[in-house]
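One structure is given here, and the rest of the page talks about it.
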Amino acid sequence: MDIEVLAVGGYNEFGRNMTAVRCGKEIVIIDMGIRLDSLMMHPEIEMENTHSLDLIEMGVIPDDTVMNQIEGTVKAIVLSHGHLDHLGAVPKLAHRYNAPIIGTPYTIELVRQQIEGEKKFGVNNKLYPLKYSQRYTISNTLSLELVRTQHSIIDTATVVLYTPKGAIVYALDFKLDRNPVLGEPPDFAKLHKIGKEGVLCLITEATNVNRKGRCPSEQLAKSMVRDVMTSYEDDKNALIVSTFASHIARVKTIAECAHEIGRKPLLLGRSMERYCSTAEQMKYVRFPDTTSIFGNRRVVERTLRRIIKGPRDEYVPIVTGHQGEPGSILTRIAQKDTPYRIEKGDKIMISAQLIPNDMNRAQRYRMFTMLSQQGGRIFDELHVSGHAYCEDHYEFLNMLNPQFVIAAHGGVNLTSEYLNLATDCGYTLNKDFFLMANGQRQKLA
Ligand SMILES: [Zn+2]
């Protein structure tokens, strides 16, 4: 059986991840994501009403026309986790393939909601939730398993495709957090077993491979957030916290700290509602009983009007907008576009890092300046990453001992950072370690 990897999207840029693996006449697609900064370049477009060809043209979704070059049938579309750069293009592309969409239960629920919002295409692919460590049989020769890992969203999986020539392991994205705030640590026993049985190829993210040491546990972010929030227990000023709506572990930490200092957590915004309510309904998380979640814009406005009238230390609004995105709640508060008003001494905590692109830099600078001018005090970077660092990658690579390695998740400026590590571990560029570009194919067997 001949096996090849096709780099469809996410190999020239950060975002719109999509990879295909062809084993003989059978093809498995892994991830179908969007590129958020390309989408931001076109504020006029409504994603749900736009045709895939236009979105490909704009660089928002992967250019899957390269799939026409390979002969075979797509048997499965597998999703690694619920971030938009990994599943956001499903409503635009999945209907072209007569194949089920497989992912962990939370990921599948998120993609179901994405598909529901789609107005241009009818996406009728069967959705198949697959729990960690269960096997999914694709055919006589191929099977699939989602191995438990940690990242910055719950229910993230390392995708393992078993072929007659060995396993293909797709690790976008992951973090080897042994002491997570939510969920279990990565399934090291399973990863060791897979490594022993033989790995043909590891397709790995390289986001933080240039950062030394190990990525700190989410416990560190928890103590950073807690340290700041609980030190204002006697302060009567407002506390507003912004973080990633999809980072359920972090939202949980913030809500618990609010509860601890006697303030009611108030999760506001459509994406907060989507990710957090879904996680709570599916019993992945329990927020303190005093927590409220409001998504609808009118209800959010009404809530902000109501809480501004009461004592400022009664609630902690947990909102979107840490990047200064136009239309997000924190940006609108900064612009005085909501009934809420910042007063001198109010604390604004950003439990996120800057997603480094120039647009975010400018928007964030603008928002921070406006908040400061109104007397707000800003606490930035109460955050740790959800991506493995150099020594995590070293451990992971040695655990799996793959025959071939492909670095993914970014252009070569990012993926080539993996080369030093791969070389240290005995791999050679273009012999058994590959850097790919969108549209390229790499034969493995
Ligand atoms: Zn991710």
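Data for the structure
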quantity: 37 °C / 0.692 mPa s Stokes-Einstein diffusion coefficient of the range 219-302, Kirkwood radius on C-alpha pairs, µm²/s; calculated: 249
quantity: Volume per residue of the C-alpha convex hull in the range 326-400, rounded to whole Å³; calculated: 112
quantity: Sequence of MET67, MET41 when ordered by accessible area, the most exposed leading, probe 1.4 angstrom; calculated: MET41, MET67
quantity: D (Stokes-Einstein, µm²/s), Kirkwood Cα radius, the range 308-363, 1.306 mPa s at 10 °C; calculated: 127
quantity: Accessible area in the full protein assembly, largest first, 1.4 Å probe, for ARG332, ARG135; calculated: ARG135, ARG332
quantity: Volume per residue of the C-alpha convex hull in the range 1-87, rounded to whole Å³; calculated: 97
quantity: Built amide H within the under 5 Å cut-off of PHE379, gap 5+; calculated: ILE348, MET349, ILE350
quantity: The chain, accessible surface, carbon-and-sulfur percent (1.4 angstrom probe); calculated: 47
quantity: For SER223, solvent-accessible area (1.4 Å; no DNA, RNA or ligand), Å²; calculated: 60
quantity: Accessible surface, the range 151-278, averaged per residue in Å² (probe 1.4 Å); calculated: 35
quantity: Overall dimensions of the range 82-229 as given by Cα atoms, namely Rg and Dmax in Å; calculated: 17.1, 55
quantity: Additional length obtainable on full extension of the chain from ALA362 to ARG305, 0.36 nm per residue less Cα span; calculated: 17.6 nm
quantity: 4 °C / 1.567 mPa s Stokes-Einstein diffusion coefficient of the range 40-150, Kirkwood radius on C-alpha pairs, µm²/s; calculated: 86
quantity: Overall Cα dimensions of the range 225-274, principal axis frame, Å, largest first; calculated: 33, 17, 14
quantity: Reachable lysines, given that their alpha-carbon falls under 26 Å from the alpha-carbon of LYS336 and they are not under 8 places away in the same chain; calculated: LYS236, LYS264, LYS309, LYS344, LYS347
quantity: Solvent exposure, largest accessible area first (probe 1.4 Å, DNA, RNA and ligands not counted), of LYS443, LYS283; calculated: LYS283, LYS443
quantity: TYR284 - accessible surface, heavy atoms, 1.4 Å probe, Å² rounded to 10; calculated: 70
quantity: Summed side-chain charge close to VAL159 - residues other than VAL159 whose Cβ falls under 9 Å, Lys, Arg +1, Asp, Glu -1; calculated: -2
quantity: Out-of-range pairs (alpha-carbon distance over 27 Å; input LYS165/LYS431; LYS193/LYS283; LYS120/LYS175); calculated: LYS193/LYS283; LYS120/LYS175
quantity: For ILE45, distant residues with modelled amide H under 5 Å away; calculated: none
quantity: Cα-based Rg of the chain normalised by 2.2 N^0.38 Å, two decimals; calculated: 0.99
quantity: Rounded to the nearest 10 Å², the accessible area of ASP337 at probe 1.4 Å; calculated: 80
quantity: Per residue accessible area in Å² of the range 290-445, where ligands, DNA and RNA are left out and the probe is 1.4 Å; calculated: 45
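The values are calculated or read from the model by the stated rules, or taken from the named source; none is laboratory data. From a predicted model like this one, the values you see are computed outputs, not experimental measurements. As a convention, Cβ positions derive from the backbone with ideal geometry for all residues, glycine included, and neighbour counts pool all protein chains shown. Just the protein is used for accessible areas: all its heavy atoms, side chains included, with ligands, DNA and RNA removed. Shrake-Rupley method; radii C 1.70, N 1.55, O 1.52, S 1.80 Å.
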